[in-house]
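The values are calculated or read from the model by the stated rules, or taken from the named source; none is laboratory data. Quick caveat: nothing in here was measured; it's all calculated off a predicted structure. Note: ideal-geometry Cβ built from the backbone for every residue, glycine included; neighbour counts use all protein chains shown. These area figures cover heavy atoms from the full protein model, side chains too; ligands, DNA and RNA do not enter into them. Shrake-Rupley method; radii C 1.70, N 1.55, O 1.52, S 1.80 Å.
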Amino acid sequence: MAVLLLNASLQPLNVISHRRLVVLLTKERVAFVDEAAERAAAEALAVRRLPEGVVIVRLLRTIHVPRRLLRPNRRNLLLRDDHTCQYCGRLGTATELTVDHVIPVSRGGAPDRWDNVVIACRKCNWRKANHRPEEVGLTLRRKPVPLTQEYAHIIFLRYPELKEAYDRLLAAA
Ligand SMILES: [Zn+2]
């Protein structure tokens, strides 16, 4: 179970722990997004239990959130590329997948730019070796772009159940 914290504007901010939720509720910094959720949570917390299912709360006052600059590290690349080899489309676990430089660094490719690094399976990476994709008959399935800086995107990639609940909330608003 996860607790999604929204800004007062309903923009997703973060996923927080239950302990943090209780602290924020006690300090009256947050409110539940609907009355039914509030009743259910109040009943659960009254008997020192945690509310069931996804919990969404919003800050009562808007806070300014600086934009996060995401780096094209392995973890973020796996998120961007959906754990999928960008050449053959094979889905893999983190350990089965590698980071490939589209234009090899040894041939002038940028080592750490979003548009020059993609997730590749070992087989494609081995086949590609020190070549450009077109030299060995490989094609990128989609153009590598920077992972969006919207924090929500990252939250929802990691917590799909929160995305569903959040989409329902927006649809009802
Ligand atoms: Zn592959």
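Between the helical axis of 160-172 and the longest alpha-carbon principal axis of the chain there is an angle of about 60 degrees.
How would you classify segment 74-136 from its alpha-carbon gyration tensor, with a ≥ b ≥ c the square roots of the eigenvalues: rounded for a/c under 1.5, else prolate if a/b is greater than b/c, otherwise oblate? Note, shape of segment 74-136 comes out oblate.
Return the tail of the calculated pair distribution for segment 17-59, meaning the percent of Cα-Cα pairs more than 16 Å apart. Within segment 17-59, distances greater than 16 Å cover 24 percent of Cα pairs. If you model the chain as an ellipsoid using its alpha carbon gyration tensor, with each semi-axis the square root of five times an eigenvalue, the axes come out at 42, 16, 13 Å, biggest first. Once the C-beta distance of S9 and L140 is scaled by a Förster radius of 25 Å, the resulting FRET efficiency is 0.10 to the nearest 0.05. With the simple spin-label model, which puts each label point 7 Å out from Cα in the Cβ direction, the R39 to C88 separation comes to 5.6 nm.
Of the trypsin sites (Lys or Arg not before Pro) in segment 1-68, the ones in a loop by DSSP (not H, G, I, E or B) with at most 13 other beta carbons within 10 Å are K27, R48, R49, R61, R67, R68.
If you run the Gaussian network model on the chain, springs between alpha carbon atoms under 10 Å, then out of H83, H18, H101 the most flexible one is H18.
With the convex hull drawn over the C-alpha atoms of segment 1-99, the volume per residue is 147 Å³.
Can you give me the distance in nm between label points at R48 and T95, each placed 7 Å from the Cα along the Cα-to-Cβ direction? Taking the simple label geometry, R48 and T95 are separated by 4.0 nm.
How many lysine pairs in the chain, separated by 8 or more positions in sequence or lying on different chains, have Cα atoms less than 27 Å apart? Counting lysine pairs in the chain gives 4. Please find, in a Gaussian network model of the chain (springs between Cα atoms separated by less than 10 Å), the residue of V65, V99, V57 whose mean-square fluctuation is greatest. Comparing V65, V99, V57 in a Gaussian network model of the chain, the most mobile one is V65. Solvent-accessible area assigned to carbon and sulfur over segment 59-173 amounts to 55 percent, based on a 1.4 Å probe.
Can you give me the angle between helix 35-46 and the longest principal axis of the chain, using Cα atoms only, in degrees from 0 to 90, rounded to the nearest 10? Approximately 80 degrees, to the nearest ten. Taking label positions 7 Å along the Cα-Cβ direction at both K123 and V105, the computed distance is 2.7 nm, reported to one decimal.
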